[in-house]
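**Q** Below is one structure. I have some questions about it.
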Amino acid sequence: MIRIRSAKKEDLREIQLINQLNSSHPDKPQNEKEFCLYLYTGYYMKFETENCFVAVDDDNDEIAGYILAAADCDDYLSQIENDYHAEAIKLGFEQRFLEEIRTYEKYKAEYPAHFHIDVKPGYQRKGIGSMLLNAQIANLKDQGVRGLMLSVGKNKRSGNRFYEKNGFLIIDENDDSYIRGKKL
């Protein structure tokens, strides 16, 4: 049986492993791994713990997936720049860092929250992603958040089908990605 619970600080390593298992480039250089792990997992577990959830398989106590969110784009931009900009420069990713974090800025009035979600291979296509997403949506609604968004690669066919099934509309796109949003 799968249950959803709030993530704990000690879950971070497993969350990062799941993130890497789902990475489109699992053999990327170490500096890029460090950059991506902070950007897609570390920030949220450090500053947005109230918006971090994991799916746990009760049969073996294994974390099967996670969803991490920033509830307010302005707070996110301020906090992540203060905390990580210098490190992104040291790792050689300043431009990418600025582009990635600013992806959400244009849509923040209608969709102030954004999220990252991954389900471990072997647990995918079993409804766990929807369970995580529903828990996050309920959490954000309780905080009075009006909308939720994310960026998803155009080449991520199953991901795009998942977001369509869960009511996320394409609100914009660039060469590589769709920006999808859902009003809460």
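The values are calculated or read from the model by the stated rules, or taken from the named source; none is laboratory data. Quick caveat, the model's predicted, so the values are computed rather than measured. All Cβ positions, glycine included, derive from the backbone under ideal geometry; neighbour counts span all protein chains shown.
**Q** Suppose we keep only residues that are out of contact with any Leu (no Cβ under 9 Å at 6 or more places or on another chain) and among the charged types (D, E, K, R) within segment 97-107. Which one would you say is farthest from residue 141 (Cα to Cα)?
**A** Filtering segment 97-107 for residues that are out of contact with any Leu (no Cβ under 9 Å at 6 or more places or on another chain) and among the charged types (D, E, K, R), the one farthest from residue 141 (Cα to Cα) comes out as 99.
**Q** Give the residue, chosen from 66, 84, 43, that is out of contact with any Cys (no Cβ under 6 Å at 6 or more places or on another chain), under 20 Å from residue 145 (Cβ atoms) and part of a helix (DSSP H, G or I).
**A** From the options 66, 84, 43, the qualifying one is 43.
**Q** Let me ask something additional. Out of all the residues in segment 85-105, is one or more of a type in the set (S, T, N, Q), touching a helix residue (DSSP H, G or I) at 6+ places or on another chain (Cβ under 7 Å) and in contact (Cβ under 8 Å) with a residue 24 or more places away in the chain?
**A** no
**Q** From the list 148, 132, exactly one residue is under 19 Å from residue 21 (Cβ atoms), crowded, with 18+ Cβ neighbours inside 10 Å and modelled with pLDDT of 95 or more. Which is it?
**A** 132
**Q** In addition: If I ask for residues that are farther than 11 Å from residue 115 by Cβ, surrounded by 12 or more Cβ atoms within 10 Å (Cβ to Cβ) and without any contact (Cβ under 8 Å) to a residue 40 or more places away in the chain, which ones from segment 164-176 would you list?
**A** Within segment 164-176, 164, 166, 167, 169, 170, 173 meet the criteria.
**Q** Hey, can you tell me all the residues within segment 141-163 that are under 14 Å from the mean Cα position of the chain (by Cα) and in contact (Cβ under 8 Å) with a residue 12 or more places away in the chain?
**A** Listed by number, the residues that qualify are 148, 149, 150, 151, 152, 153, 163.
**Q** Do any helices (runs of 4 or more DSSP H) lying entirely in segment 92-172 carry at least 1 residues that are of a type in the set (Gly, Ala, Ser) and under 25 Å from residue 58 (Cβ atoms), and which ones are they?
**A** Passing ranges, in order: 128-142.
**Q** Here is a follow-up. Check 18, 63 and return the single one that is touching a helix residue (DSSP H, G or I) at 6+ places or on another chain (Cβ under 8 Å), crowded, with 17+ Cβ neighbours inside 10 Å and in contact (Cβ under 8 Å) with a residue 40 or more places away in the chain.
**A** Checking each option against the conditions leaves just 63.
**Q** Also, quick follow-up: Kindly provide the set of residues from segment 21-55 that are without any contact (Cβ under 8 Å) to a residue 60 or more places away in the chain and acidic (Asp, Glu), ordered by number.
**A** Across segment 21-55, the qualifying residues are 27, 34, 48.
**Q** Quick one: which residue in 137, 117 is within 25 Å of residue 25 (Cα to Cα) and buried (at least 19 other Cβ atoms within 10 Å of the Cβ)?
**A** 117
**Q** Quick check, is residue 80 over 27 Å from residue 126 (Cβ atoms), of a type outside the set (Ser, Thr, Tyr), crowded, with 19+ Cβ neighbours inside 10 Å and in contact (Cβ under 8 Å) with a residue 12 or more places away in the chain?
**A** So residue 80 passes the test.
**Q** Considering each residue of segment 17-34, count those that are touching a Phe, Trp or Tyr at 6+ places or on another chain (Cβ under 9 Å) and at pLDDT 90 or above, and give that number.
**A** Total meeting the criteria: 2.
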